[in-house]
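Since every read-out is calculated from the coordinates, none of them should be taken as a lab result. Values in this document were obtained by computation on a predicted structure and should not be read as measured data. Please note: Cβ atoms are built from the backbone with ideal geometry, for glycine as well, and neighbour counts cover all protein chains shown.
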Amino acid sequence: MNIDNCYQIGYISKVHGLHGEVTVVLDVDDPSQYEDLEHVFLEQKSRLAPYFLEHFVLQPGNKALAKFEEYETVNDASTLVGAVVYLPLNALPTLEDHQYYFHDLIGFTVEDQNHGELGEIKIIYDLQTQDLIGLDYKGKEVLIPIQDGIITKVDKTAKKVFCHLPEGLLDIYLED
């Protein structure tokens, strides 16, 4: 499976118990949508490989207890710790018309209410502290925080993201 055709749902944080179970930290909005998983893809050594689950039990605090087929001991399970957990993009839950996934915004045009059209979204940075839109503006990469008040509207039909940039944000990137 190609990583570009997948999305990250979390990572394996630690071994749980003595029988090959692991704790998965989930980075999703609604963990209940993932409680019936039968398989996932794990990234190990920069490659994705399918892993089949015996069980995947949701726990409090955006965590799950997972047991993979053929992983029976602490030693077996410890080889999985740190692996990033993925699912194919076609497994994403369906959204309502006013909702969107960040990866869907790549290729959309950004338009600011004061500066007009800024450019095309090249990348979305999914950082722990904040998500950012990356685009080229006048030959410089500009990062725009994905926040209410800055992103005012997304028009999926027109492929446009409307924003109201904080005063001086573009100036920071255009200074030499």
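Find the eigenvalues of the gyration tensor of the Cα atoms of region 69-160, then list the square roots of 5 times those eigenvalues as equivalent ellipsoid semi-axes, largest first, in whole angstrom.
On the way: eigenvalues 256, 56, 25 Å².
In descending order, the three semi-axes are 36, 17, 11 Å.
Extension gain His103-Thr73, at 0.36 nm per residue separation less the Cα-Cα distance, in nm? Don't skip to the answer; put the middle values down first.
Details: separation 30, 0.36 × 30 = 10.80 nm, distance 3.72 nm.
Value of the extension gain: 7.1 nm.
Residues with beta-carbon under 11 Å from that of Tyr137, excluding Tyr137: net charge, scoring Lys, Arg +1 and Asp, Glu -1? Intermediate values should be presented prior to the final figure.
Details: positive: Lys122, Lys138, Lys140; negative: Asp112, Glu117, Glu120, Asp136, Glu141.
It works out to a net charge of -2.
Hey, with R₀ at 22 Å, roughly what FRET efficiency would Asp171 and Gln113 work out to, going by the Cβ-Cβ distance, to 0.05?
0.85
Can you tell me the Rg and Dmax of the chain, counting just the alpha carbons, in angstroms?
When restricted to Cα atoms, the chain yields Rg and Dmax of 19.7, 60 Å.
How far, in nm, would the chain grow between Lys45 and Leu143 when pulled straight, counting 0.36 nm per residue and subtracting the alpha carbon separation? Write down the numbers at each step before the final one.
Details: separation 98, 0.36 × 98 = 35.28 nm, distance 2.98 nm.
Stretched fully, the Lys45-Leu143 segment lengthens by 32.3 nm.
Please give, to one decimal in nm, the separation of the simple spin-label points placed at Gln8 and Leu92, each 7 Å out from Cα toward the Cβ.
Modelled inter-label distance: 1.6 nm.
Using a 10 Å cut-off around each Cβ, can you sort Tyr86, Tyr101, Tyr11 from fewest to most neighbouring Cβ atoms? If you can, show how the numbers build up before the last one.
Details: Tyr86 22, Tyr101 12, Tyr11 19.
By the 10 Å Cβ count, ascending: Tyr101, Tyr11, Tyr86.
Rounded to the nearest 20 Debye, what is the dipole magnitude of the chain about its Cα centre when Lys and Arg each give +1 and Asp and Glu each give -1 at the C-beta?
On the way: 12 positive and 31 negative charges, 54 e Å.
Dipole size: approximately 260 debye.
With a 10 Å Cβ neighbour count serving as the proxy for reagent exposure, in which order, fewest first, do Glu38, Glu43 appear?
Fewest to most other Cβ atoms nearby, the residues stand as Glu38, Glu43.
Checking a compactness column here: for region 1-100, what do you get for Rg(Cα) / (2.2 N^0.38 Å), N being the number of residues? Could you put the intermediate results ahead of the total?
Numbers: Rg = 13.4 Å, N = 100, 2.2 N^0.38 = 12.7 Å.
Working it through for region 1-100, the quotient is 1.06.
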